[in-house]
1. Could you tell me which GluC sites (Glu not before Pro) in region 561-651 are loop residues by DSSP with no more than 11 other beta carbons within 10 angstrom of their beta carbon?
2. Using a 1.4 angstrom probe on the protein heavy atoms only, line up Cys546, Cys584, Cys401 by accessible area, largest first.
3. Please list, or write none, the aspartates and glutamates whose alpha carbon is within less than 13 Å of the alpha carbon of Lys670, excluding same-chain residues fewer than 8 places away.
4. Using a basic spin-label model with each label point 7 Å from the Cα along Cα→Cβ, how many nm lie between Leu167 and Thr569?
5. For region 388-489, give the share of DSSP beta bridges that are antiparallel, in percent and rounded to the nearest 5; count only bridges with both residues there.
6. Within region 39-92, report the GluC sites (Glu not before Pro) that DSSP leaves as loop and that have at most 15 other Cβ atoms within 10 Å.
7. Filter Lys10/Lys74; Lys422/Lys680; Lys398/Lys541 down to the pairs with a C-alpha to C-alpha distance above 27 Å, please.
8. Applying 1/(1 + (r/R0)^6) with R0 = 45 Å to the Cβ-Cβ distance of Ala491 and Arg588, what FRET efficiency is obtained, to the nearest 0.05?
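The values are calculated or read from the model by the stated rules, or taken from the named source; none is laboratory data. All values derive from a computational prediction rather than experimental measurement. Positions of Cβ are generated from backbone atoms using ideal geometry, with glycine treated the same way; all protein chains shown enter the neighbour counts. All accessible areas refer to the heavy atoms of the entire protein, side chains included, with ligands and DNA or RNA removed. Shrake-Rupley method; radii C 1.70, N 1.55, O 1.52, S 1.80 Å.
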Amino acid sequence: MKRVLIVEDKEENSYYLNALLSGHGYEVDTARHGAEALIKARHAPPGLVISDLLMPVMDGYTLLRHWKSDERLKKIPFVVYTATYTEPEDEQLALRLGADAFILKPAEPDQFIARLRAVESRQSAAVPPRQTKPVQDETGLLREYSETLIRKLEEKTLQLEESNRLLQRDVAARQLAEVALRESEERFRQLAESVDDVFWLSDLQHEQVIYVNPAYARIWGRSCEGLYASADDWLHGLHAEDQPRVRASLAAYATGSWNEIYRIVRPDGSVRWIRTSAYPVRDANGRVYRVAGVSRDITEYRRLEEQLRQAQKMEAIGRLAGGVAHDFNNLLSVILTYTSLALDELNPDEPIHADIAEVHRAGERAVALTRQLLAFSRQQVLASEVLDLRAIICDLEKMLCRLLGEDVELSVLTGHGPPESKVHVDPSQVAQIVMNLAVNARDAMPDGGKLTIEVRDVTLDAAYAAAHVGVTAGRYVLLAVTDTGVGMDAAVRERVFEPFFTTKEAGKGTGLGLSTVFGIVKQSRGHIQVYSEPGVGTVFKVYFPCTTRAAETASRVPTALVTLRGSETILLVEDDDQVRAMNCTVLRRNGYTVLDAPDGNGALRLSEGYGAPIHLLLTDVVMPRMSGRDLAQRLASTRPETQLLYISGYTESTIVHHGVLEPGVAFLQKPITPEALLRKVREVLTEPAANEPEAQ
């Protein structure tokens with residue numbers, strides 16, 4: 001096996017030649033430069049030397065000169081293998097110095113081995129070695145060698161300058177990239193630390209979280225380090241009721257698609273609602289190897305949704321209650337009217353007189369209930385005034401003391417607000433609110449306690465309005481009623497304003513008190529909130545919007561009526577047959593001429609065919625095909641002298657705005673007693689100037 005000495009300063013080139021030659025049966029030794037090669041060769045001459053030219057300590061040309069001048073080494077073939085000295089003159093110099101072959105890098109392995117075999121063949125065939133120049137030409141060789149070195153040095157200098165220029169460009173580009181990277185990392189840090197949502201990245205193979213932003217600590221109340229240490233750390237905060245469901249659903253987590261809504265319990269005991277969505281991160285082969293996720297605290301959303309659902313439920317109940325009250329008002333009008341007529345005809349000593357009187361009293365109690373239903377459903381007529389809420393509360397203080405009894409301490413706080421802090425409300429309805437809340441508070445303090453009623457100005461900002469459905473930001477007057485009673489739990493608070501819901505014993509409450517309060521507040525464009533805890537007490541906060549409208553002048557006092565009878569002609573329009581027949585009977589018995597019709601079209605036909613004056617249009621508001629208001633407007637064009645009186649079981653936007661009666665409109669609300677009907681008709685006919693139809 002022929003021994004080959006490789007002289008190469010680059011380790012990768014030396015490794016390549018070693019592998020190539022070893023694979024072709026050579027024994028390989030290496031040296032890093034010419035000086036080391038001479039030492040090794042003189043100690044153990046090789047059979048062949050392969051040398052680079054550009055090397056440290058001693059270059060290949062110098063090694064070649066020393067090699068060919070050494071008697072022991074000069075017959076050993078010397079092959080130059082270079083990628084630096086590639087010019088023809090470089091090859092000529094090497095050959096003149098005695099090189100047996102000049103091979104340029106990189107050479108194909110087969111060609112390279114073939115060149116070596118050719119060199120070996122020449123040696124085996126006893127071909128005389130290449131003759132070096134005689135000594136007298138040594139100076140010329142040195143000069144040629146020096147020129148070659150200088151030329152290569154110049155080339156290397158130019159290459160170095162170009163490399164330095166490229167390096168500077170690369171360094172500048174790297175610096176720009178580092179600046180861009182730092183800016184990108186800073187933007188990511190700002191984003192990660194500023195957003196309220198939790199987002200994370202987890203490694204599926206190692207089952208660990210590799211990133212989570214600081215929002216995790218803010219929402220979960222647990223450290224990010226704990227989550228890095230254990231990917232299951234967040235599960236320890238799951239609400240006990242949600243644990244089984246959430247843990248069972250985690251089977252889908254490995255697919256990268258996971259969506260859940262659940263509750264967590266923070267270390268301080270507070271409960272938060274969380275919505276989590278996970279997304280797959282795939283590698284180049286499409287395999288899910290990471291999962292990215294976002295968790296959002298939706299506690300406030302859930303609370304607003306619950307408020308909205310409650311508001312929708314109350315609205316639906318209100319519509320139902322209003323419809324029932326309307327139908328009952330028609331029935332009660334018939335009951336009260338005919339029992340009144342019967343009582344007028346009967347002798348008080350007759351046994352049936354007491355029975356009918358009892359029916360009449362039951363009807364009156366039913367009227368009170370239907371009015372509460374109308375209040376809850378926001379369908380009653382409000383006689384609103386611009387007033388100071390503090391004055392109303394002060395006027396009620398003595399009555400409240402008698403109502404509450406001696407074992408309940410009453411405290412009324414009415415700070416002095418600016419003159420413009422007025423509200424536009426119905427004073428009687430506000431009194432009803434206070435009385436209902438006071439009665440509830442008294443019942444919640446069976447062993448006595450303290451009731452505080454406070455009135456003060458407040459401003460509800462946009463944040464409060466956004467957190468409470470149906471509330472508009474602005475200035476309000478707050479009416480707060482606070483007791484030290486037994487309080488309410490969450491389940492009771494949720495239903496506290498529902499009609500017929502009560503926690504009192506059977507027979508001790510109708511369940512309409514707070515629902516009435518709710519309806520009055522809402523119809524007055526106000527807002528009500530309840531705060532309560534078992535064993536602590538309850539506070540109801542009622543917010544009435546401040547008004548800038550001027551206070552109305554004192555209402556005109558009706559002229560005292562001498563009689564309820566009359567002789568005028570009345571056009572009566574009512575779609576309920578029983579109510580229409582009843583009103584016709586009452587009016588005709590008291591001297592009036594009555595033209596009756598079941599709808600607006602029938603009324604217009606009667607008017608067209610009646611040649612005498614019609615003094616009063618008495619019409620229901622809500623009727624099929626044509627409303628009472630439309631009828632009044634059409635009749636006014638042909639009979640402008642006819643006065644107008646509306647009658648209805650509940651209010652509609654056809655005659656009122658938000659349940660408040662428009663100025664100049666005469667209105668009578670069902671259920672109607674004969675006396676109330678006759679009195680209102682007489683008032684309208686006696687004071688025509690106050691009841692002219694609205695100009696359009």
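1. Glu641
2. Cys401, Cys546, Cys584
3. The reachable aspartates and glutamates, counting only those whose Cα sits under 13 Å from Lys670, are Asp327, Glu364, Glu574, Asp576, Asp620.
4. 11.8 nm
5. Around 60 percent antiparallel, to the nearest 5.
6. When the GluC sites (Glu not before Pro) of region 39-92 are filtered for loop state and at most 15 Cβ neighbours within 10 Å, Glu71 remain.
7. Lys422/Lys680
8. After rounding, the FRET efficiency stands at 0.20.
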